[in-house]
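The values are calculated or read from the model by the stated rules, or taken from the named source; none is laboratory data. Remember, predicted model here, so these are calculated numbers, not experimental data. Heads up, the Cβs are rebuilt from the backbone with ideal geometry, glycines too, and the neighbour counts pull from every protein chain shown. To get the accessible areas, we keep the full protein, side chains included, count just its heavy atoms, and leave off ligands, DNA and RNA. Shrake-Rupley method; radii C 1.70, N 1.55, O 1.52, S 1.80 Å.
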Amino acid sequence: MLRNPIHAAAGAILLWASLATLGALTKTLPPFFVVGVSLCIGSLLALPRLKEWKVPAGTLAVGLYGLFGYHFLLFFAFRHAPAMEANLLNYLWPLLIVLLAPLLVPGTMLTRRHIVGGLLGFVGAGLIVSGGRLAFDSASAFGYGLAIAAAFVWSTYSLLTKRLPPFPTGAVGGFCLLSGLLSLACHALFEPAVAPSAGQWASLVGLGVGPMGGAFFLWDRAMKDGDPRQIGALSYTTPMLSTLLLVASGEGRLTPLTGVAICLILGGALLGTVDRRLLKTLRRHRA
């Protein structure tokens, strides 16, 4: 496990960036089935640390709130609102991590640098997700609300891991398993039965090992040990990296607007993550 929290966050972000590419291979499967199977597979990564799965009821409730609650709200948002707009509102979660950090993490203060970095990242993410074309419709207000709620759930879950009594990262395996089983229950209730092909099963294993499994363990380590303001700003690189992977796999293309978005995201991430002491050192050297 990576010990530096920024490195752990970067690892989680890199894995999440592969979600769209891997997800494209399972797009004909019902979403709750994909989430449920992937989370159950992801839980197996912590099977050697099974003893660490036993945590207080309150900690387990927060874990289910984050992993199951987030995906439940997000997929119902996609059912009730256009995917592009819902996905953009979902990407409020990095900004919410930055803005809510002082409320949920004692001793954390916001600076103008963190706020501006988060806003730049959100604008850049918005350009990548939307391609500069958005059409918010009042008829989809319920779906938009669900997407915002999903962003709120993931941001508060991420921050609450610093407030809970200390628990081992291996316990995330238990969160994944129970969340996966609840997702499969939703599949049985809301979706038709499916029979994935061998290639789709391979993609589900990839999702479970990577963006729907391994990433959550890295994210837990990053949020427990790192500065949420820095990690929130860095998280806006997720849609950028996802787009670049789609381009590399032949599923997407770069445009001038994408270039502008990448500059905004990198600028926001740099502004929000560079340590203040390093900035002061650079200024002294320039002087």
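Miscellaneous remarks
- Annotation note: of LEU15, LEU67, the sole residue that is out of contact with any Phe, Trp or Tyr (no Cβ under 8 Å at 6 or more places or on another chain) and in contact (Cβ under 8 Å) with a residue 60 or more places away in the chain is LEU15.
- The number of residues in the stretch 194-225 being farther than 15 Å from LYS27 by Cα and more than 16 Å from the chain's Cα centre (by Cα) comes to 1.
This table checks each residue for (1) modelled with pLDDT under 85; (2) in contact with a His (Cβ under 7 Å, 6 or more places away or on another chain); (3) more than 26 Å from SER197 (Cα to Cα).
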position	(1), (2), (3)
ARG3	yes, no, yes
ILE6	no, no, yes
THR26	no, no, no
LEU50	no, no, yes
LYS54	no, no, yes
LEU60	no, no, yes
GLY66	no, no, yes
ALA86	yes, no, yes
TRP93	no, no, yes
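- Residue within the stretch 156-177 that is charged (D, E, K, R), within 21 Å of GLY63 (Cβ to Cβ) and within 18 Å of the chain's Cα centre (by Cα) present: yes
- Subset of the stretch 78-119 that is small (Gly, Ala, Ser) and farther than 30 Å from PHE32 by Cβ - its residue that is most open to solvent (accessible area, probe 1.4 Å): GLY107
- Assessment of the stretch 161-180 against the conditions (closer than 27 Å to PRO48 by Cα, open to solvent by 20 Å² or more (accessible area, probe 1.4 Å) and part of a helix (DSSP H, G or I)) yields at least one matching residue.
- From LEU278, LEU207, LEU189, residue being modelled with pLDDT of 75 or more, of a type outside the set (Lys, Arg), open to solvent by 10 Å² or more (accessible area, probe 1.4 Å) and part of a helix (DSSP H, G or I): LEU189
- Subset of the stretch 140-155 [under 21 Å from LEU104 (Cα atoms), among the aliphatic types (A, V, I, L, M) and open to solvent by 20 Å² or more (accessible area, probe 1.4 Å)]: ILE148, ALA149
- Checking LEU266, LEU257, LEU246, LEU270 one by one, the residue that is open to solvent by less than 50 Å² (accessible area, probe 1.4 Å) and modelled with pLDDT of 70 or more is LEU246 and no other.
Residue-by-condition table, conditions (1) polar (S, T, N, Q); (2) touching a Gly at 6+ places or on another chain (Cβ under 8 Å):
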| position | (1), (2) |
| --- | --- |
| PRO168 | no, no |
| GLY174 | no, yes |
| GLU191 | no, no |
| SER197 | yes, no |
| GLY206 | no, no |
| MET212 | no, yes |
| TRP219 | no, no |
| LEU264 | no, yes |
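- A single entry from LEU39, LEU14, LEU22 fulfils the requirement of being open to solvent by 10 Å² or more (accessible area, probe 1.4 Å), assigned to a helix (DSSP H, G or I) and either at pLDDT 90 or above or within 18 Å of TRP154 (Cα to Cα) (or both): LEU14.
- ALA261 vs. criteria among the small types (Gly, Ala, Ser) and either touching a Ser or Thr at 6+ places or on another chain (Cβ under 9 Å) or over 30 Å from LEU160 (Cβ atoms) (or both): yes
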